[in-house]
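In what follows, a single structure is set out as structure tokens and then discussed.
The values are calculated or read from the model by the stated rules, or taken from the named source; none is laboratory data. Computed from a predicted model, the values in this text were never measured in an experiment. Positions of Cβ are backbone-derived with ideal geometry, glycine not excepted, and every protein chain shown enters the neighbour counts. Just so you know, the surface numbers come from the protein's heavy atoms only, side chains and all, with ligands and any DNA or RNA stripped out. Shrake-Rupley method; radii C 1.70, N 1.55, O 1.52, S 1.80 Å.
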Amino acid sequence: MAVDNNSKSTDTNHEEPFYPHELLKFGVAFFVFLAVLFTLTIFLPHGIHEPADPMNTPAHIKPEWYFLAPYQMLKIVPNELAGMAVQGILGLAILFLPFWEKSKRRHPAKRPIFTPVCIVVISAFIALTLWGKYS
Amino acid sequence: MFASKKDSALLDWLEERFTIKEELEKNTTKKMVPPHINWLYCLGGLSLTIFIIQVVTGVFLMMYYKPTPELAYGSIEFIVKEVPYGWLIQRVHSIGANTMIILVMAHMVRVLFYNAYQKPRELHWISGIFLFGLTLITSFTGYLLPWTQLSYWGATVGTNMPGSAPIIGEWMVRMSRGSEQVSGVTLTRFFALHVVVLPAMISAFAGWHFVMIRRTGVAGPF
């Protein structure tokens, strides 16, 4: 039952055949996903887009939603350089996460520091995105 | 199934030429996974699915798209209004881009809370972060291509962001735009990155990602 995450071997701890059940599960997920994508495609409002006019700056220009959080963060940190530095450090910390966070415990409930930190960081990302959108 | 005596003639034909049965068995009937793999383990596969959809719809869009400031907007309008099913291809591509980011983020959060990035899977995580970054840059460069007011000023704000970095900031802004302002040079630059460089890089990193997860197997449930 308990799977040793540190095991190097591939199949010794793996007990269920991938085919057909796990493949079928993915097949179901695949078709549900396609249904959602095409439903969105057909029913989301189209929006009217005017052609670009480099001479005419719109009143509220914002990046796309996935850049709103870093954008909003740069806006609220008074020192631009400090804002960039924080983002750079955060990016590197996430990139090299497996090299500084080495807990053996797997279950989120058994990681009393890491799990709350993750939740705070993800919540901050969502909050900054919403803030950027509605400010 | 594949090893049974009722194998099809086609399978036998292929077997004689490149011993396909063993590979098929290894990757299907004889491939074992941990018990209680749940639905969240589908997120990575779905990210690949949407990437393939983006490539296919992107190729169709490229058949009619014209990457110049004068023609870009009109060519998208033509695709949406005149080309048979062009509206569908264009909509799937644009909504698919956002969907892809959401799926990749969800996949990352799943791996994070399952602590699935620990030894020996550190490089899986690192290649995944690169894939996430490439996904964002691909979306960003694609967003400029329709040359609408939103995309033009979105690209202006976006390319301005590295400007506050010390020493190389100004240079990065200039290099990403190719000119002082976002212009036709930026458009062709973004187009080349969006349709060739970035998808090729995503394919390479994804290939690495998949080979590694095949070698180590997925991290089991808790």
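Numerical summary
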{"item": "So residue B:73, is it touching a strand residue (DSSP E or B) at 6+ places or on another chain (Cβ under 6 Å) and over 23 Å from residue A:23 (Cα atoms)", "result": "yes"}
{"item": "Residues located in the stretch B:14-44, provided they are at positive phi and touching a residue at least 40 places away in the same chain (Cβ under 8 Å)", "result": "B:36"}
{"item": "Counted residues, the stretch B:128-152 - those being over 20 Å from the mean Cα position of the chain (by Cα), surrounded by fewer than 22 Cβ atoms within 10 Å (Cβ to Cβ) and of a type outside the set (S, T, N, Q)", "result": "1"}
{"item": "Any hit, the stretch B:127-140, residues being within 8 Å of chain A (Cβ to nearest Cβ) and farther than 29 Å from residue A:108 by Cα", "result": "yes"}
{"item": "Condition check for residue B:125: open to solvent by 40 Å² or more (accessible area, probe 1.4 Å), aromatic (Phe, Trp, Tyr) and not in a loop (DSSP other than H, G, I, E, B)", "result": "no"}
{"item": "Subset of the stretch A:64-111 (residues that are part of a loop (DSSP other than H, G, I, E, B) and either of a type in the set (D, E, K, R) or over 17 Å from the mean Cα position of the chain (by Cα) (or both))", "result": "A:64, A:77, A:78, A:79, A:101, A:102, A:103, A:104, A:105, A:106, A:107, A:111"}
{"item": "Counted residues, the stretch B:1-15 - those being at pLDDT 85 or above and open to solvent by 70 Å² or more (accessible area, probe 1.4 Å)", "result": "3"}
{"item": "Boolean, residue B:104 is in a helix (DSSP H, G or I), open to solvent by less than 30 Å² (accessible area, probe 1.4 Å) and either at negative phi or not β-branched (Val, Ile, Thr) (or both)", "result": "yes"}
{"item": "Hits in the stretch B:89-101 - residues which are more than 7 Å from chain A (Cβ to nearest Cβ) and either open to solvent by 40 Å² or more (accessible area, probe 1.4 Å) or small (Gly, Ala, Ser) (or both)", "result": "B:89, B:94, B:97, B:98"}
{"item": "Residues located in the stretch B:27-66, provided they are within 13 Å of chain A (Cβ to nearest Cβ), of a type outside the set (A, V, I, L, M) and either within 23 Å of the chain's Cα centre (by Cα) or assigned to a helix (DSSP H, G or I) (or both)", "result": "B:27, B:39, B:41, B:42, B:44, B:45, B:47, B:49, B:51, B:54, B:57"}
{"item": "Residues located in the stretch A:118-135, provided they are at pLDDT below 95 and loosely packed, with under 13 Cβ neighbours inside 10 Å", "result": "A:133, A:134, A:135"}
{"item": "Any hit, the stretch B:177-184, residues being facing chain A (nearest Cβ under 10 Å) and in contact with a Lys or Arg (Cβ under 8 Å, 6 or more places away or on another chain)", "result": "yes"}
{"item": "Cβ-Cβ under 8 Å pairs, at least 6 apart or on other chains, the stretch A:103-117 side more than 21 Å from residue B:120 (Cβ to Cβ), far side open to solvent by 80 Å² or more (accessible area, probe 1.4 Å)", "result": "A:115/A:109"}
{"item": "So residue B:211, is it over 22 Å from residue A:56 (Cα atoms), aliphatic (A, V, I, L, M), more than 9 Å from chain A (Cβ to nearest Cβ) and surrounded by 16 or more Cβ atoms within 10 Å (Cβ to Cβ)", "result": "no"}
{"item": "Criterion: open to solvent by 60 Å² or more (accessible area, probe 1.4 Å) and either within 27 Å of residue B:148 (Cβ to Cβ) or touching an Asp or Glu at 6+ places or on another chain (Cβ under 7 Å) (or both) - qualifying residue of A:61, A:42, A:113", "result": "A:42"}
